[in-house]
Each structure stands twice: as C-alpha cells, then as structure tokens.
C-alpha cells in the first residue's frame, strides 16, 4: 500500500487544502476536485475515435459480454434492481421445479446479526431473513422447503460489512450438498468496485446466480442477472428495451473496466482510501472505532450515529453516506489520490480536538 504521504499530523488543525495559501495572500492554488464519496453512480461515455467502424452498442451485445467477464453462461438485462431480484428468485424456483422438487421454494436471505434489514423489493412469497453469521447455524436452517440462499459479499446497506470468506465457502458447500442455489447480490460491490471485476473473486466462493441491480449503466436504470446454464437454461427475462443512453454507458463502463491497468488502479486507490481512513480512526479514537468495507466502498465506524458527522461534512463540501453508526466513503471508480487526500483533510479539519458532533 505504498504511495504518497498520507495526511500530515497538522491536518487535524488545518483547513481544507489550499486554505493556507489563501489566508497568507500567496498565489491561489487550483482547488482540488470536489470530493463526492456518497456512492453516486458515475457515467461512462464511449471513447471517440474507435477503430473498425461503429461499435455494437445493442442490448444483445451487452448481454453477450457480461458472461465473458464472470462465472456465468448467460446474462439477462432488466429494468431495475427490483426486477432483477424477482427474476433471480424465479430462476431459483424454476430450477427446483425442473428437478422435481417443487416444494423447495423458500429463499433464505442472509443478513448480519441484529440487522434491521428487510426483505429486498422484488422477493415475494416464501422468503425469510436470517440474522446469523455462524456457518453451522446458517446450515442448520436448511429444511426440505429451502430452495437457496441470497447474500451480499459486501453488505453495503447494513453498515458496509464485508462477509467472511468462511461463511461464503460454507454456503457454497451447503448448496452443493443439498442441491440449492447460491445467489450473490453484487449491486454495490461488483463491476470493479472491489478491485476485481466481481467481489466474489476475492472469496473463492462462486455463486450460481449473481444480481447486479445498480451501477451497470451509471446513473441510468439498468440491472443484470448472470447465471450458470444449470439455472438459466430455457429462461427468458421479462421484455425490456434499455435506452440507447443506458446501453452506451454500460458498454463504455465495461470497456473501461477491461482496459489495461484499470482494475490495478482501482486496487491502489482502494488501499490509499483505506489507509487514510485508518489513520483518521487512530488519531481520533473518541470519534471512530475503526474502518470497514471493501475496495472503494469504505467506512468509518463511529462512536455514535453517523448522520451528524455526514451532515457536518456536507456543509463543508464533502458528500458521504451515513449507514447507522458507519460514515461511508464510497469513492468513484476513477477517483485519484488528490481527491482521496482532499476528503481525508476535510474530515480531519471538520472535527477539531474536543469537538463533539453528538452534543445537543
């Protein structure tokens, strides 16, 4: 995780980058890019000057490209995250019916212990939330009615918690042993955000079905479900025609992700972001208890609710995301060192020693 120096100790008392020059009347430095770590989806555009004629930006071409960068044999395009979950569940239940196990219709959704998570939109019928992470205890929940498991390798909506590889490996083995489906939700950690194309690549556990409900086409509404042939055979997604803008953005994003050095760049920026946040947490144990997350989706575990801290940072120009007691810093894929450093300096200057963000 080597790189340029991290925020200096005096940043605790300093203002945002460039403030010193302005205060002394020195030459005004160019302001750093405005830090946006709220998780807003960035748009990708096709690069001009492509050789070999006009590229194929069709929905069919996109659906054909996605399996080539994943475990899957087929990919389906859907209109929303909700539609993607509904279709994935249909694939799970359809496979059980085809195998003569129609009674197996229950989907177990793995959430963290004490999680307030509800059943995701689109999952209807016999769906149950499991709020346990012990592999043996999870496996003990398998009954003759269970058809499969749904889990997110990074629980972005539950405090940015990365799921242990042991739990994912245990689920993979249990699904193989009992003939169940393993479904991963990579809506918030897939498509390069972890430093690899998909977060499951870090874990050694490969799903049967993957849902990517957000981010494929940047700010445009477009989701995908990727599945092995075992689950996708003879399946057809609901009729849906993405907009030309969404398709162009999705193809451009895949082009960027597959370009030489792009994912290595994401990994390096991920390590820098993690290092910066870890340094802040070490300097301010009164405010922060540690760092959690994966790749460019990182967060500071706060000593109290994160919302007051996020609001104070937003007033100073830094957009973040609060998830309970986690202050999330969700960086764009193309973030650079100076933007990460600017965000770290803003956090340091926003909370001087002795300041209590939770005081009435």
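Brief remarks on what is shown
- Under the simplified labelling scheme, the residue 143-residue 236 pair shows an inter-label distance of 3.6 nm, with each label point 7 Å from Cα along Cα→Cβ.
- In plain terms, the residue of 275, 177, 337 with the fewest other Cβ atoms within 10 Å comes first and the most crowded comes last, giving 177, 337, 275.
- Length gained on full extension, residue 268 to residue 256, computed as 0.36 nm times the residue gap minus the Cα-Cα distance: 2.7 nm.
- Antiparallel bridge percentage (DSSP; both residues within the chain; nearest 5): 60 percent
- Estimated FRET transfer efficiency (residue 316, residue 121; beta-carbon r; R0 51 Å; 0.05): 0.90
- Annotation: the antiparallel percentage among DSSP beta bridges lying fully within the stretch 59-258 is about 45.
- Relative contact order for the stretch 59-258, counting Cα pairs under 8 Å that sit 6 or more residues apart, in percent: 27 percent
- With each label modelled as a point 7 angstrom along the Cα→C-beta vector, the residue 57-residue 129 pair spans 4.0 nm.
- Per-pair calculated FRET efficiency, R0 = 45 Å: residue 178 and residue 245 via Cβ, rounded to 0.05: 0.55
- Taking the longest Cα principal axis of the chain as reference, the axis of helix 165-178 is set at about 10 degrees.
- Helix 262-283 and the long axis of the chain differ in direction by around 60°, with both axes built from C-alpha atoms.
- The chain - percent relative contact order, Cα under 8 Å, separation 6 or more: 24 percent
- FRET efficiency for the residue 229 to residue 286 pair, using the beta carbon distance and R₀ = 56 Å, is estimated at 0.55.
- Helix axis angle, 81-98 relative to the chain longest principal axis, alpha carbon, degrees: 30 degrees
- Shown here: volume of the Cα convex hull per residue in Å³, derived from the displayed model; of the candidates (1) 213; (2) 154; (3) 263, it corresponds to (2).
- Mean ellipticity per residue at 222 nm, deg cm²/dmol - from DSSP H runs of n ≥ 4 across the chain, formula -39500 (n - 2.57): -10000 deg cm²/dmol
- The stretch 214-254 and the stretch 314-347 have Cα centres lying 29 Å from one another.
- Likely footprinting exposure, 198, 271, fewest C-beta neighbours within 10 Å first: 271, 198
Laboratory data are not the source of any read-out in this text; all were calculated from the coordinates shown. Just so we're clear, the structure is a prediction, and the values are computed from it rather than from any experiment. Ideal geometry is used to build each Cβ from the backbone, glycine not excepted, and the neighbour counts take in all protein chains shown.
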